[in-house]
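Here's the structure, in structure tokens; my notes come after.
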Amino acid sequence: MSEKKNPVEQLGVLADLGQLVELDPEMVVLDVQNARTERVKPDPALLASVERIGVQEPISVRPVEGGKFGVFKGQRRWLAAVEAKKKAVSKGNPWRPVPAFVRTGMEGADHEALLLSLVENTQRARMTERDQVNGAAQLEIMGVTEADRRRAASILGIKRNQMKAAKQASQLTPEALQDSARYGFDLVEMADLQAVEDVDRAAEKLARAKQLDREARKGNGNWQHTMAALRQAQADARKVEAAKQALADAGVKVVPRPRWGDSSAALSSLTTATGRALSLKAHAAACAGHAAWLDENCAPIYVCTSPEQYGHRASGSPTAEEEAQAKEEERKQRKHVIEQNRASRAAREVRHAFIVQLCKGKSVSDAGWEMILSTVVNGSDLYRRFLNKTSEAASELVGAFAGTTPEKGEEPFSQLIRRTGKSRRPQLLLAQVAAAYEAAMPDKAWESPTRSHAEWLRFLADEGYTLSDHEQGMLATFTERNAPNAEAEPEPEAEAMTDADAEPVPDADAGPETETEAGPDADAGPDADAGPEPEADGDSR
């Protein structure tokens with residue numbers, strides 16, 4: 001009875017692969033028949049992996065002249081091993097050899113070497129973006145300890161915060177995932193996109209912001225401003241949808257905002273055929289033309305879609321055309337105010353986050369010291385008003401910038417002051433000065449930017465903050481109004497800080513605040529079908 005052979009030995013697979021050995025990476029050269037005729041630079045992820053755990057898949061080589069070995073399969077892995085050895089030697093650390101299959105029978109077999117090289121490079125299927133993102137997300141979830149997760153991130157050549165973002169990034173729709181790949185988003189950027197991907201052109205706007213940050217070469221300020229605007233647009237859209245759904249649940253038809261010449265009219269401007277005022281309840285119950293559209297604040301404006309057809313009369317004063325024109329002008333002005341106030345809040349969210357990081361720094365810059373001393377020692381009006389109007393909201397703002405929660409009572413920071421060492425005292429002063437300037441910058445500061453507003457924004461910009469388009473507009477307005485030929489205007493006193501004006505760090509998930517600057521108008525607003533008024537593009541310049 002013949003001895004049963006191992007299936008692998010029987011097929012001769014091991015012999016075809018060659019002899020598995022460990023080689024010094026510097027003993028390997030690029031084979032002249034490698035299908036990749038030019039050296040390819042290993043990507044950072046591969047380099048990080050090889051540095052940490054070595055080459056895991058053997059390369060294929062054949063003996064060449066000079067006692068070297070020519071690599072015809074696995075060029076990138078070999079080059080990564082070369083770089084890893086150089087780095088290890090420079091630091092005095094041990095280096096890893098590269099595992100290789102040596103094909104001794106292929107000396108001079110150039111045709112076969114080229115064929116096998118082509119097979120590897122043409123038949124290898126690259127992992128899809130979805131596979132890569134899902135894989136990183138699974139590693140994050142499966143990591144038993146934080147050390148496991150950090151090791152996985154190191155081997156993959158990505159930062160720890162990217163691993164943390166992988167779970168959310170894995171929830172991207174296929175379309176958004178394709179956009180992420182096209183624009184070169186990393187896992188953190190993909191997670192940001194996933195949070196706002198339902199906003200129109202979100203990926204395009206973020207890609208533009210990423211490009212602006214790359215050109216500016218300082219942080220990701222444009223990205224943060226764009227994210228703030230997208231989150232606000234998302235909240236506005238959801239508010240509109242909720243308002244529409246509430247009307248639909250009540251059996252009210254939602255229509256677009258009336259245009260000039262439309263037959264619909266607000267109930268407040270109509271009467272019955274006998275001249276009596278139309279009540280909302282009676283009209284909803286009896287008239288087939290009962291409907292509503294939404295104003296800028298998502299408040300319903302009830303109308304009759306065809307008043308003449310259903311026997312209603314106009315209540316008189318002024319003509320319909322005159323009233324429509326006046327309301328259109330009022331609507332445009334209110335729309336401008338609302339858009340600017342929204343932009344102000346979005347910019348404040350990013351600005352406050354920057355100030356928090358500034359106050360966490362190891363030291364305060366010379367410019368920071370000058371700002372502190374000129375504000376406190378000179379006793380600026382802005383600073384005196386802040387101290388005189390100190391409230392719980394003011395303490396929370398100082399606490400947010402200083403990284404603490406204020407205590408109750410007249411001395412909210414007594415414990416913080418006692419435990420703050422010498423090296424951290426300047427940052428505590430900076431937090432209070434920052435709170436004074438931010439408290440004096442309400443939503444409507446753009447209407448009449450003061451010298452204090454301009455000085456503060458310029459200081460932050462010099463410290464590395466990226467000004468939003470809205471903030472740049474404030475500086476431009478201030479500069480224009482204070483040009484040599486411009487009429488001098490007295491600097492208005494900053495408004496008293498309210499809780500709404502002084503949110504320490506705005507909640508990214510919070511919906512838009514109700515606008516109260518101009519008050520809702522009963523017969524003016526955007527099209528209900530159009531959703532919220534469009535935000536200024538984060539990629540505009």
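Only one of these conditions is not met by residue 399: (1) closer than 29 Å to residue 337 by Cα; (2) open to solvent by less than 30 Å² (accessible area, probe 1.4 Å); (3) touching a Phe, Trp or Tyr at 6+ places or on another chain (Cβ under 9 Å). Which number is it?
Residue 399 satisfies every listed condition except (1).
Would you mind stating whether residue 178 is modelled with pLDDT under 95, more than 15 Å from the chain's Cα centre (by Cα) and farther than 30 Å from residue 314 by Cα?
Spelling it out, residue 178 is indeed modelled with pLDDT under 95, more than 15 Å from the chain's Cα centre (by Cα) and farther than 30 Å from residue 314 by Cα.
Please indicate, with yes or no, whether at least one residue in region 195-217 is under 16 Å from the mean Cα position of the chain (by Cα), surrounded by fewer than 20 Cβ atoms within 10 Å (Cβ to Cβ), among the basic types (Lys, Arg) and not in a helix (DSSP H, G or I).
There is at least one residue in region 195-217 that is under 16 Å from the mean Cα position of the chain (by Cα), surrounded by fewer than 20 Cβ atoms within 10 Å (Cβ to Cβ), among the basic types (Lys, Arg) and not in a helix (DSSP H, G or I).
Of all residues in region 48-84 being hydrophobic (A, V, I, L, M, F, W, C) and either over 17 Å from residue 97 (Cβ atoms) or in a strand (DSSP E or B) (or both), which is nearest to the chain's Cα centre (by Cα)?
My answer is 48.
Would region 26-37 turn up any residue that is part of a helix (DSSP H, G or I) and at pLDDT below 90?
No, region 26-37 has no match at all.
Looking for something surrounded by 14 or more Cβ atoms within 10 Å (Cβ to Cβ) and part of a helix (DSSP H, G or I) - is there at least one such residue anywhere in region 255-264?
Scanning region 255-264 turns up no residue that is surrounded by 14 or more Cβ atoms within 10 Å (Cβ to Cβ) and part of a helix (DSSP H, G or I).
Name the single residue that is nearest to residue 460 (Cα to Cα) among those in region 337-368 being in contact (Cβ under 8 Å) with a residue 40 or more places away in the chain and acidic (Asp, Glu).
349
Considering only residues of region 359-369 that are under 11 Å from residue 433 (Cβ atoms) and part of a helix (DSSP H, G or I), which is nearest to the chain's Cα centre (by Cα)?
Checked region 359-369; the qualifying residue nearest to the chain's Cα centre (by Cα) is 359.
Return the pairs, sorted by first residue and then second, in which the second residue is modelled with pLDDT of 90 or more and of a type in the set (Val, Ile, Thr), the first residue lies in region 372-394 and is open to solvent by less than 30 Å² (accessible area, probe 1.4 Å), the beta carbons are less than 6 Å apart, and the residues are 6+ apart or on different chains.
Cβ pairs passing all conditions: 372/433; 375/433; 383/375.
Please state which one of 487, 411, 407 is charged (D, E, K, R), surrounded by 14 or more Cβ atoms within 10 Å (Cβ to Cβ) and either in a loop (DSSP other than H, G, I, E, B) or at pLDDT 95 or above (or both).
407
Hey, could you check region 224-265 for residues that are modelled with pLDDT under 90 and out of contact with any Pro (no Cβ under 8 Å at 6 or more places or on another chain) and say which is nearest to residue 196 (Cα to Cα)?
The selected residue is 256.
Give me a count of the residues in region 276-315 that are open to solvent by 40 Å² or more (accessible area, probe 1.4 Å) and assigned to a loop (DSSP other than H, G, I, E, B).
8
The values are calculated or read from the model by the stated rules, or taken from the named source; none is laboratory data. Note that the structure is a prediction, hence the values are computed from the model and not measured. Methodologically, a virtual Cβ is constructed for each residue, glycine included, from the backbone with ideal geometry; neighbour enumeration extends over all protein chains shown. The area values use the complete protein model at the heavy-atom level, side chains included, leaving out ligands, DNA and RNA. Shrake-Rupley method; radii C 1.70, N 1.55, O 1.52, S 1.80 Å.
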